[in-house]
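We did not get these values from a lab; they are worked out from the coordinates using the rules stated. Keep in mind that this is a model prediction, so the values were computed, not measured. Cβ placement follows ideal geometry from the backbone for every residue including glycine, while neighbour counts extend to all protein chains displayed.
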């Protein structure tokens with residue numbers, strides 16, 4: 001009997017392990033991490049995303065199982081690599097591509113505000129990347145393909161996909177640019193990637209624009225410079241059809257393909273999750289799908305060309321669980337800020353200081369509404385339902401100076417909960433809404449505590465703003481509709497960033513804000 005019970009338990013454990021290994025949840029990287037590109041080196045996968053007006057630029061991820069991703073740095077971490085001055089949420093660093101060849105990693109992208117297409121490279125992805133190598137072929141979303149000592153670049157100048165050979169270390173063009181495909185007729189053919197399989201060159205692109213009509217199409221040729229013939233079953237991934245129209249995932253597109261060590265093929269792509277009136281706030285996120293790619297055949301994504309939040313697939317490496325995105329930080333100079341923290345544009349780093357028990361922000365007259373360099377550091381909202389909490393103290397402040405926590409879509413659209421120094425020297429809790437030319441002060445409450453807690457809770461339809469004097473008992477003071485901060489309303493290509501900030505009312509003021517902690521807790 002005992003032996004039978006032991007065998008049953010062992011079988012149940014094996015079944016549970018096998019089941020876990022076959023299931024994962026999308027998005028694999030939630031929050032504003034769009035335009036994923038992926039490459040493999042032996043059993044290691046590397047992935048990058050676009051960042052627009054945030055710094056450092058182009059987050060770099062590592063994984064062994066394609067499901068759990070660890071951010072190991074950024075490709076653009078120095079001001080000498082990227083100029084973001086005056087950049088807004090619809091410009092700056094566009095879709096990157098990461099590739100590996102002959103011991104070197106390459107990341108190629110576009111700075112749409114300053115300079116155009118460029119690449120950086122390194123032999124150690126966890127270290128520093130080179131200064132920019134500027135490229136001559138225009139367009140956006142450039143990609144690289146390496147073969148037999150040659151490096152080819154594709155991008156989309158003039159509304160089509162163009163190819164040229166380049167020297168990746170100098171940027172010099174080695175062959176004339178040639179138009180090789182214009183897609184299937186969808187607007188804005190972009191995001192091209194080249195692959196070679198079974199004697200065919202495959203060209204994968206995005207069409208339809210990065211909204212609900214987004215789709216992935218593919219063509220192939222026996223020669224790298226064409227002519228390319230479109231897949232009769234295009235698009236190979238889209239949710240702008242009857243199969244995908246009721247999915248909680250929309251805007252599927254901008255994909256990249258990779259093979260795993262076991263011979264299986266996989267696709268990463270962006271998509272978004274509408275949450276209120278078909279609007280979305282968490283940005284375009286990174287999703288994963290299995291691909292069947294038989295010899296000499298066209299690739300088939302997830303059997304029917306759609307993806308789901310809960311996926312079943314034969315993963316190349318067993319996965320027992322997925323990453324928990326809960327964050328609980330006690331700021332101090334004993335621990336630098338993690339890679340998830342970002343600044344607006346090329347931050348003035350002298351305005352950020354880790355002390356023995358706090359993150360100290362030095363405010364300037366550059367406000368959250370400015371295209372300059374406000375004192376701002378934040379992390380992405382990654383879940384529809386969440387709460388984010390911080391404790392702070394406002395120091396050396398004059399009347400009108402303030403510091404707090406912002407729910408930030410862009411300089412025109414954000415909700416703020418803050419401490420503000422009043423004319424009498426006391427602090428008030430203030431909740432403000434900024435929507436283009438509309439500014440509304442929703443609440444002003446006198447505070448007794450010099451170090452209160454501020455909290456934002458997100459739900460599908462509302463942001464709720466709370467405060468506490470003791471960190472235990474919170475009071476809701478205001479709520480606001482999420483839809484007014486959505487991408488559909490605010491525009492741009494980013495998603496919500498939850499940021500700590502400090503700003504001065506006048507040039508003569510030098511306020512400081514000590515933030516002691518920050519926690520982020522998903523609820524969905």
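Each part gets one Cα centre, and for the stretch 86-140 versus the stretch 175-193 those centres are 20 Å apart. Relative to the globular-protein estimate of 2.2 N^0.38 Å, the Cα radius of gyration of the stretch 231-359 stands at 1.44. One equal scatterer on each Cα of the stretch 32-256, no solvent, Debye formula: the resulting log10 I(q)/I(0) at q = 0.17, 0.18 Å⁻¹ is -1.30, -1.45.
Subtract the Cα-Cα distance of residue 22 and residue 303 from 0.36 nm times their separation in residues, and report this length gain in nm to one decimal. Before the final figure, lay out the partial values.
Numbers: separation 281, 0.36 × 281 = 101.16 nm, distance 1.55 nm.
Value of the extension gain: 99.6 nm.
Debye calculation, C-alpha points only, no solvent: report log10 I(q)/I(0) for the stretch 410-462 at q = 0.18, 0.20, 0.28 Å⁻¹, in the same order as the q values. Log10 I(q)/I(0), no solvent term: -0.69, -0.81, -1.14. Once the chain from residue 124 to residue 447 is taken as fully extended at 0.36 nm per residue, the excess over their C-alpha distance is 111.2 nm. Summary value for the chain: 14 percent relative contact order, contacts being C-alpha pairs under 8 angstrom separated by 6+ residues. For the chain, taking the reciprocal of the average inverse distance between every pair of different Cα atoms yields a Kirkwood hydrodynamic radius of 24.2 Å.
Go ahead and estimate [θ] at 222 nm for the chain from helices alone: -39,500 (n - 2.57) per DSSP H run with n ≥ 4, summed, over the residue count, rounded to 500. Please report the intermediate quantities before stating the final value.
Working: 2 runs with 24 residues, N = 524.
It comes out at -1500 deg cm²/dmol, rounded to the nearest 500.
Here the spin labels are modelled as points 7 Å beyond Cα on the Cα-Cβ line, and at residue 519 and residue 426 they lie 2.9 nm apart. Coordinate range of the alpha-carbon atoms in the stretch 387-524 per principal axis, descending: 41, 35, 22 Å. In this calculation the C-beta distance from residue 440 to residue 245 is compared with R0 = 41 Å, giving a FRET efficiency of 0.70.
Grab the Cα-Cα distance for residue 317 and residue 356, subtract it from 0.36 nm times how many residues apart they are, and report the gain in nm with one decimal. Could the numbers behind the result be given before it?
Numbers: separation 39, 0.36 × 39 = 14.04 nm, distance 4.16 nm.
That works out to 9.9 nm of additional length.
Find the centroid of the Cα atoms in the stretch 245-292 and in the stretch 320-372, then give the distance between the two in whole Å. If you average the Cα positions of each part, the centres end up 29 Å apart.
Just want to confirm a number: the relative contact order over the stretch 43-104, from Cα pairs under 8 angstrom separated by 6+ residues, in percent.
Working: 98 pairs, mean separation 22.8, N = 62.
Relative contact order here is 37 percent.
So what is the relative contact order of the stretch 411-524, in percent, for Cα pairs below 8 Å that sit 6 or more residues apart? Please list the in-between numbers first.
Numbers: 158 pairs, mean separation 17.0, N = 114.
The value is 15 percent.
The C-alpha atoms of the stretch 275-317 occupy a region whose extents along the principal axes are 43, 24, 14 Å, arranged from largest to smallest.
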